[in-house]
Amino acid sequence: MASYLQIENISKSYGPKVLFENIGFNINEGDKIALIAPNGTGKTSLLRILAGKDKSDSGGKITFLKNIRIAFLEQEYDFDPEAGIISQIMNHSADFTAGLDQEGLWQYELRVKQFLTNFRLTDFSKKMKELSGGEVKRVAITEMLASEADFFIMDEPTNHLDIDAIEFLEGWFSRARCTLLMVTHDRYFLDHVCNTVMELDRGAVYTYRGDYGNYLEKRADRIAGYNAETDKVRNILRRELEWMRSTPQARTGKAKYRIDAFYELKDRAAQAYTEKSVSMDDVKGASRLGTKIINCKDVSFRYGDKYYLDHFTYNFQRYEKVGIVGRNGAGKSTFINLLTGNYTPDMVCTDPEEYRLRGKDDARGLLTGSIERGESLKIGYYRQSGMSFNPDDTVLDIVNDTYLLGRFLFPHDMLNNRIEKLSGGEKRRLYLLTILKEKPNLLILDEPTNDLDIVTLNILEEYLKEFAGTLIIVSHDRHFLDRLADHLFVFCGDGVIKDFIGSYSEYRSFIKDYEAGQKAAQKPSGISEDKRRQKNADRPAKTKLSYKEQKELEQIEKDLADLAEEKAALEARISSGALPYEDLQKASERIGEIISLNDEKEMRWLELSMKTEA
């Protein structure tokens, strides 16, 4: 395998804090590497140095294989808010398109549109300022993937993506013949994509071939071996200490090297490996929780013609753990803001007649139905955009408790650090601490895994499993949901919410089994329409459906098969490279319509299928 990248003696410090010093490593063609380290130890700084966005303090040497194409995905994508999606990508990707002739530019734009369509962004002229954070991230990833780079460097690629987008990206990289170095907290994504884990630990780099589980095992062996060696050094040190404490006469004439070696041994003996980790012991527990949490009855919420909730009824229970999933823009954050009462009267209208009279230009949404909150309810709400720290404040200004800060990995020498000097993960950890220390009895976490390192996530998961209150999690992290959620609210769009009893993996397995069944039911598979109908008729659960519902279910299954066939045909036409621009635009728009129709019909199918199991 060719060596794509060689690193020698690079270093980075911020003030007195040394992130890494004189490190070196090698990346070969085909390596797909996940870089792991605690927050604030230099992961992003290292990636920026490799991508040429920053410089090593010590000079050092960074050597890429000649003529390989490199694409870098930063956490924050720089974009023109007034540009349309296609214009933004074409203008921002000059490095990838430089030197291309008209045919090459057309092919590049075609690839861009194909990826945008896969990411459900079919309005190519939509302005960047109108996109959600997740949509902006999908634009950034599209630009990167369309480059056809040989070497991808990515910093937290799954942050702000919904699960469908994550699974598409995961599938693409697992199949792609490329070289990859990325920072990620998503353990499922890591295991499905990467063949190597690289750890940045105490300023040194360690490489482990294999998945995340293998990394944990080999890392534990390394630490145990290091500490065993330290014990041996300490035994030697005891003998040398006796010699050093002997009378000066006894040491007269002894070699100076032995005295020097003693001090080297002393330094080495003090280097036992003790891992620091976030401790949640001091924020355990919750305020007393009554029997009434939040009761929702026939709740609907809409802006104009778009529904975010449509006749939703549910009573939250003590100690339940609910996962909330759905695509970006489906209404998840709106739902949470309604539950918590964060929407003020200037944002919400509760009188339908007043709303009608104000007309479509009214900037408020219409809320009907009732939301009742228990008197003993104490809500802790961790939001994606909830951090409002003054950048000039210090860590101690935010949480005036040195002991608690120490338990959350903010040692004494960091307490006077200004917020602007903290890494993204350190800010998130501090923000989480401000919420947990208040001991809420209803804890709402909106994308809590973004920017937190894997070690902190593991500890947070253990804490949340034992949380003595009600837990609501909005997340795209499949591992996080699988470990914590008892059931899921699936946001299907158009205000429809389905309650799925089980883990996220069980939900995805349910959907995939259904999709596989649909493919098998298509005519090319060799199964006739008569046999398929007979198979449906033989299902005993169907007897709970009315005749009308049975016919509707059969029609949905036929429609889904037809949509899948039409989508495959359109994708083949787009990939052919022979479509005129106008036809390409129409085909891409139709694929977007098919995806929406497919989602709508799948959810109705799910509703009818779950009814048969009731």
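The values are calculated or read from the model by the stated rules, or taken from the named source; none is laboratory data. Everything numeric in this text was worked out from a predicted model, so none of it was measured. Positions of Cβ are generated from backbone atoms using ideal geometry, with glycine treated the same way; all protein chains shown enter the neighbour counts. Side chains are part of the model used for accessible areas, which takes the heavy atoms of the whole protein and leaves out ligands, DNA and RNA. Shrake-Rupley method; radii C 1.70, N 1.55, O 1.52, S 1.80 Å.
Mind checking which residues of the stretch 13-37 are over 25 Å from R177 (Cα atoms), β-branched (V, I, T) and open to solvent by less than 30 Å² (accessible area, probe 1.4 Å)?
Result: I23, single match.
Regarding the stretch 175-188, can at least one residue be identified that is over 19 Å from N450 (Cα atoms), in contact with a helix residue (DSSP H, G or I) (Cβ under 6 Å, 6 or more places away or on another chain) and either touching a residue at least 12 places away in the same chain (Cβ under 8 Å) or of a type in the set (A, V, I, L, M, F, W, C) (or both)?
no
Which members of the stretch 399-413 meet the condition of being of a type in the set (A, V, I, L, M) and open to solvent by 40 Å² or more (accessible area, probe 1.4 Å)? Explain how you work it out, then say what you get.
Looking only at the stretch 399-413, we keep the residues that are of a type in the set (A, V, I, L, M), and these are 399, 404-405, 409.
L409 - this is the single residue of the stretch 399-413 that is of a type in the set (A, V, I, L, M) and open to solvent by 40 Å² or more (accessible area, probe 1.4 Å).
Checking V278 against (1) surrounded by fewer than 17 Cβ atoms within 10 Å (Cβ to Cβ); (2) closer than 30 Å to L161 by Cα; (3) modelled with pLDDT under 65, only one condition comes out false. Which one?
Of (1) surrounded by fewer than 17 Cβ atoms within 10 Å (Cβ to Cβ); (2) closer than 30 Å to L161 by Cα; (3) modelled with pLDDT under 65, only one is false for V278: (1).
Starting from residues that are open to solvent by 50 Å² or more (accessible area, probe 1.4 Å), touching a residue at least 12 places away in the same chain (Cβ under 8 Å) and in a helix (DSSP H, G or I), keep the ones in the stretch 112-132 and report whichever is nearest to E148 (Cα to Cα).
If we filter the stretch 112-132 for residues that are open to solvent by 50 Å² or more (accessible area, probe 1.4 Å), which is where we start, we get 114, 118, 120, 123, 125-127, 129-130.
Still in the list and also touching a residue at least 12 places away in the same chain (Cβ under 8 Å): 114, 118, 120, 123, 125-127, 129.
Keeping just the survivors that are in a helix (DSSP H, G or I) gives 114, 118, 129.
Numbers: Q114: 13, N118: 16, K129: 27 Å.
My answer is Q114.
Quick one: is I371 under 27 Å from the mean Cα position of the chain (by Cα) and among the β-branched types (V, I, T)?
Criteria not met by I371.
Please pick out the residue among R327, R318 that is open to solvent by 30 Å² or more (accessible area, probe 1.4 Å), closer than 30 Å to I501 by Cβ, in contact with a Phe, Trp or Tyr (Cβ under 9 Å, 6 or more places away or on another chain) and not polar (S, T, N, Q).
Of R327, R318, the one residue that is open to solvent by 30 Å² or more (accessible area, probe 1.4 Å), closer than 30 Å to I501 by Cβ, in contact with a Phe, Trp or Tyr (Cβ under 9 Å, 6 or more places away or on another chain) and not polar (S, T, N, Q) is R327.
Quick one: is I10 surrounded by 21 or more Cβ atoms within 10 Å (Cβ to Cβ) and more than 24 Å from N458 (Cα to Cα)? Give the steps one after another, and end with the answer.
Details: surrounded by 21 or more Cβ atoms within 10 Å (Cβ to Cβ): yes; more than 24 Å from N458 (Cα to Cα): yes.
Yes, satisfied.
Which of the residues spanning the stretch 170-182 are among the hydrophobic types (A, V, I, L, M, F, W, C) and surrounded by 22 or more Cβ atoms within 10 Å (Cβ to Cβ)?
L180, L181, M182
For residues that are among the charged types (D, E, K, R) and either part of a loop (DSSP other than H, G, I, E, B) or free of Cβ contacts under 8 Å to residues at least 24 places away in the same chain (or both), scanning just the stretch 5-37, find the one that is nearest to M414 (Cα to Cα).
K17
For the structure I just gave you, tell me whether Y514 is at pLDDT 65 or above, open to solvent by less than 20 Å² (accessible area, probe 1.4 Å) and of a type in the set (S, T, Y).
yes
Would you mind telling me which numbered condition in (1) more than 24 Å from L46 (Cβ to Cβ); (2) at pLDDT 90 or above; (3) among the charged types (D, E, K, R); (4) open to solvent by less than 10 Å² (accessible area, probe 1.4 Å) D162 fails?
Of (1) more than 24 Å from L46 (Cβ to Cβ); (2) at pLDDT 90 or above; (3) among the charged types (D, E, K, R); (4) open to solvent by less than 10 Å² (accessible area, probe 1.4 Å), only one is false for D162: (2).
Among the residues of the stretch 449-475, what is the count of those that are open to solvent by 10 Å² or more (accessible area, probe 1.4 Å) and under 16 Å from R327 (Cα atoms)?
Residues that pass the stated criteria total 0.
Does the stretch 422-430 include one or more residues that are among the hydrophobic types (A, V, I, L, M, F, W, C), open to solvent by less than 10 Å² (accessible area, probe 1.4 Å) and closer than 12 Å to G323 by Cβ?
no
Contact list please: Cβ distance under 7 Å, first residue in the stretch 315-334 and over 14 Å from S475 (Cβ atoms), second residue open to solvent by 50 Å² or more (accessible area, probe 1.4 Å), pairs at least six apart or on different chains.
R318/T291; E320/D486
Among the residues of the stretch 170-177, is any of a type in the set (A, V, I, L, M, F, W, C), modelled with pLDDT of 85 or more and either in contact with a strand residue (DSSP E or B) (Cβ under 9 Å, 6 or more places away or on another chain) or under 20 Å from N39 (Cα atoms) (or both)?
Yes, the stretch 170-177 has at least one match.
So which helices (runs of 4 or more DSSP H) stay within the stretch 38-107 end to end and still have 3 or more residues that are open to solvent by less than 60 Å² (accessible area, probe 1.4 Å) and under 21 Å from F173 (Cβ atoms)?
Here the list reads 43-50.
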